[in-house]
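Please read the structure below before turning to the comments.
The values are calculated or read from the model by the stated rules, or taken from the named source; none is laboratory data. Everything quoted here is computed from the prediction, not taken from an experiment. Don't worry about glycine lacking a Cβ; one is built from the backbone with ideal geometry, like all the others, and counts go over all protein chains shown.
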Amino acid sequence: MEHLRWPFFEDRHRAFAAALDAWAAAHVRDAHGRDVDALCRRLVRQLGDAGWLRATVAGTAYGGLADVIDTRMLCLARETLARHAGLADFAFAMQGLGSGAVSLAGSPDQKTRWLPRVARGEAIAAFALSEPDAGSDVAALQCAARIDGGHAVLDGEKTWISNGGIADFYVVFARSGEAAGSRGISAFIVEAGTPGLEIAGRIDVIAPHPLARLRFTNCRVSLANRIGAGAEGFKIAMRTLDVFRTSVAAAALGFARRALEEGLQRATTRKMFGQTLADFQLTQAKLAQMATTIDSAALLTYRAAWQRDQGDTVTAQAAMAKLAATEGAQQVIDAAVQLWGGLGVVSGHPVERLYREIRSLRIYEGATEVQQLIIGRELLKGAKS
Ligand SMILES: Cc1cc2nc3c(=O)[nH]c(=O)nc-3n(C[C@H](O)[C@H](O)[C@H](O)COP(=O)(O)OP(=O)(O)OC[C@H]3O[C@@H](n4cnc5c(N)ncnc54)[C@H](O)[C@@H]3O)c2cc1C
């Protein structure tokens, strides 16, 4: 927690992080289980009851901690929760990502209906953007939204939808056709149980969490559920990801910090060759590299979060944070597995779980290669102007 003294933070951030750390240690440490649906529902409820989800929504009138989402608070929460339990971080993050479009661009009615329930953990949110043929190239999405009087009629498929199957509402991005490409997409709130919305299949991944394919067949949604005006969907999706991208870096940081804690514990207790593992300089080099990677990632993450909270555009900074923190965490966790030897690959061991949990962070919300492209583009923009 020494990094909390960094000048990026104010006392309210320090108090929040310390209180959440104590709460997470007492209530959700290493939360895992076979029934991830039940576990995630419980975690959302616990996080809501304790008030932590207030950091995921904007507007004090709607249960939020502040009128705009405080990026440093979001990042500290994700770092802390990820260090204690990956699924607790997942449950927290998805409430924010799933309701982010409503916070940023929802009507007063939409905010009143959903945000207080999201903040209390009474409604589970999901963000439905990706499709089988539109992942990194998201502007290629094909799910259609045909306007018919006061309704939009959705037809198509979404995939990789976190909280798919347990969400109470989905923010769905669909092609409304005002123009080609990114300028013809709108965003809609679709409640679970709406006729024509079906969970087409669940997806099992290496770090299990609720994840599904959604199918829309003649699914009628009132235009009162459209977020923003028609054709604003792509912009809304990008604005939402812009808030949450830095928080993915923070989650990676939390996983990496836990890996270093576990690595240090093993290195200082494992006896071999008449010494402890930590007595070998090769081990010290490994630990030094782990700590340096973590601090570099933390500096980039909280720089981006702080700058965003100052109102700056942080396109390149957030991309650098996500790139460095997720790639770095993968290396740190791999080193921790190595320090634990055979025990490090035993199913359910903390470092084995981290090894599986970190992997998808290098893919979602913009894969590493996409972050590289963003940074390169921003650099060249500066060089040409
Ligand atoms: C666990 C998990 C949870 C997810 N949750 C959600 C969710 O809740 N909601 C949602 O909408 N989506 C979600 N996603 C989807 C996620 O955002 C996509 O997987 C991601 O955008 C990548 O898309 P893709 O899988 O189609 O891979 P592709 O787009 O096919 O990319 C494959 C690889 O190509 C490379 N690549 C991409 N662009 C370039 C380029 N220009 N040059 C060179 N290489 C490139 C990258 O390495 C990339 O990883 C989730 C994914 C996972 C794995």
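Of note:
- Residue in the stretch 356-375 that is closer than 16 Å to ARG257 by Cα and of a type in the set (A, V, I, L, M, F, W, C) present: yes
- Of all the residues in the stretch 307-330, those that are in contact with a helix residue (DSSP H, G or I) (Cβ under 6 Å, 6 or more places away or on another chain) and more than 18 Å from ILE374 (Cα to Cα) number 3.
- Scope the stretch 97-123; condition within 12 Å of the ligand (Cβ to nearest atom) and either among the aliphatic types (A, V, I, L, M) or farther than 23 Å from SER222 by Cα (or both); matching residues: LEU97, ALA101
- Any chance TRP306 is under 24 Å from VAL205 (Cβ atoms), assigned to a helix (DSSP H, G or I) and away from the ligand (no atom under 14 Å from the Cβ): no
- Candidate set: the stretch 154-170, residues that are aliphatic (A, V, I, L, M) and touching a helix residue (DSSP H, G or I) at 6+ places or on another chain (Cβ under 9 Å); chosen: the one nearest to the ligand (Cβ to nearest atom): ALA167
- For the stretch 184-207, a residue qualifies if it is buried (at least 22 other Cβ atoms within 10 Å of the Cβ) and not aliphatic (A, V, I, L, M), and the qualifying residues are SER186, PHE188.
- Per the conditions (1) in contact (Cβ under 8 Å) with a residue 40 or more places away in the chain; (2) part of a strand (DSSP E or B), the sole criterion not satisfied by LEU97 is (2).
- So PHE280, is it aromatic (Phe, Trp, Tyr) and either touching a residue at least 12 places away in the same chain (Cβ under 8 Å) or under 20 Å from ILE69 (Cβ atoms) (or both): no
- Residue count for the stretch 198-257, restricted to those that are closer than 24 Å to LEU43 by Cβ and outside any strand (DSSP E or B): 25
- Among the residues of the stretch 160-183, those that are outside any loop (DSSP other than H, G, I, E, B) and either surrounded by 19 or more Cβ atoms within 10 Å (Cβ to Cβ) or within 18 Å of the chain's Cα centre (by Cα) (or both) comprise TRP160, ILE161, SER162, PHE169, TYR170, VAL171, VAL172, PHE173, ALA174, ARG175.
- The set of residues in the stretch 129-153 being within 9 Å of the ligand (Cβ to nearest atom) and outside any loop (DSSP other than H, G, I, E, B) consists of GLU131, ALA134, VAL138.
- Close pairs from the stretch 354-373: first under 15 Å from ALA324 (Cβ atoms) and more than 6 Å from the ligand (Cβ to nearest atom), partner at pLDDT 95 or above and of a type in the set (Gly, Ala, Ser), Cβ under 7 Å, at least 6 apart: ILE358/ALA252; ILE358/ALA329; LEU361/ALA251; LEU361/ALA252; GLN371/ALA319
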